[in-house]
Amino acid sequence: MAPAESHRAALSFPSSNAKTGPIAVSSTSRLTCPSSCPLAGDQGCYAEAGFRTRLQWDRLSRGESGLPAAAFIKQVLALPAGILFRHCVAGDQWPEPANPLRIDQGLLLQLAKATRHLRAAWSYTHFPMGPANQATLRLAAAQGLVINASTESRSVAAGLQRQGIPVVCVVPPDAPAVFRHQGVRFVACPASRRGRGGRKIQCISCGGRWGLPLCAVAARSFVITFPAHGALAAAAAHHCS
């Protein structure tokens, strides 16, 4: 696949996404999604389940919106200082053209450097967590862009957390808000619950004593869980273990 086809991305600020709040968010082309993702298509992908999100993602993936990676990175660099940025509400990290299961380290580090003026920047990936991709995540985090490894396996999540990789895990809808697996603590995304007094928590208000959204904290001692939800919740839950 040619970089021009797979590397398109679209930026929105401020976002109207009810889950994130008015922060900066982005999406990348569907072509970025690795074949290793078990949720692709109708198997539980959140971006496929949301009507509006899917329509926007379809346009981006057809090349009708968004920008090539280099121009997109310039847009991120021009964002106001001190704001929050959630990369890849839909889509995944840019793949190497010659190896679609390896994150394009050079491009990702360019993006990471473009986020240094922001209060926090974070994202997620379903790329396989071999040594090369783990190294890329560590380098990006050192620059200020925290990429969370995504999995549906509690055992895989626990193993990655012990290696110091920030990780999130999809769990069944009825999973406890806090639990332990193989000695590792798992904590539900605050946006999946109500705060004190029934207050709805968004990315912009997440963090509590941390002062940053939990997903933007690389050196955390727990796995963040996302309960399967939405139209494809049953399909997503089927992949949980």
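Derivation of every value follows stated rules applied to the coordinates shown; laboratory data play no part. A quick note: this is a predicted structure, and the numbers were derived from the prediction, not measured. Note: ideal-geometry Cβ built from the backbone for every residue, glycine included; neighbour counts use all protein chains shown.
What the table below lists for this structure:
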| read-out | value |
| --- | --- |
| Calculated [θ] (222 nm, deg cm²/dmol) that DSSP helices of n ≥ 4 give over the chain, each run adding -39,500 (n - 2.57) | -7500 deg cm²/dmol |
| Spin-label pair Leu101/Phe51, simplified geometry with 7 Å Cα→Cβ offset, distance in nm | 3.8 |
| Chain lengthening between Ser35 and Ser12 when straightened (0.36 nm per residue, less Cα-Cα) | 5.6 nm |
| Taking the chain and dividing mean pair separation by its residue count, relative contact order in percent (alpha carbons under 8 Å, at least six apart) | 20 |
| Part-to-part distance (alpha-carbon centres) for the range 1-78 and the range 131-159, which is given in Å | 20 |
| Pair-distance profile P(r), taking every C-alpha pair of the chain, with 5 angstrom steps and integer % | 1, 7, 14, 19, 22, 19, 12, 4, 1, 0, 0 |
| Positive-pole candidate from Gln161, Met129, Gly21, dipole of the range 3-238, charges at beta carbon | Gly21 |
| Beta bridges by DSSP in the chain, antiparallel share as percent, to the nearest 5 | 35 |
| Theoretical gain in end-to-end length, Ala70 to Gln163 [0.36 nm per residue, Cα-Cα removed] | 30.3 nm |
| DSSP H segments from the chain that extend 30 Å or more along their own axis, Cα-based, with Kyte-Doolittle mean of 1.0 or above | none |
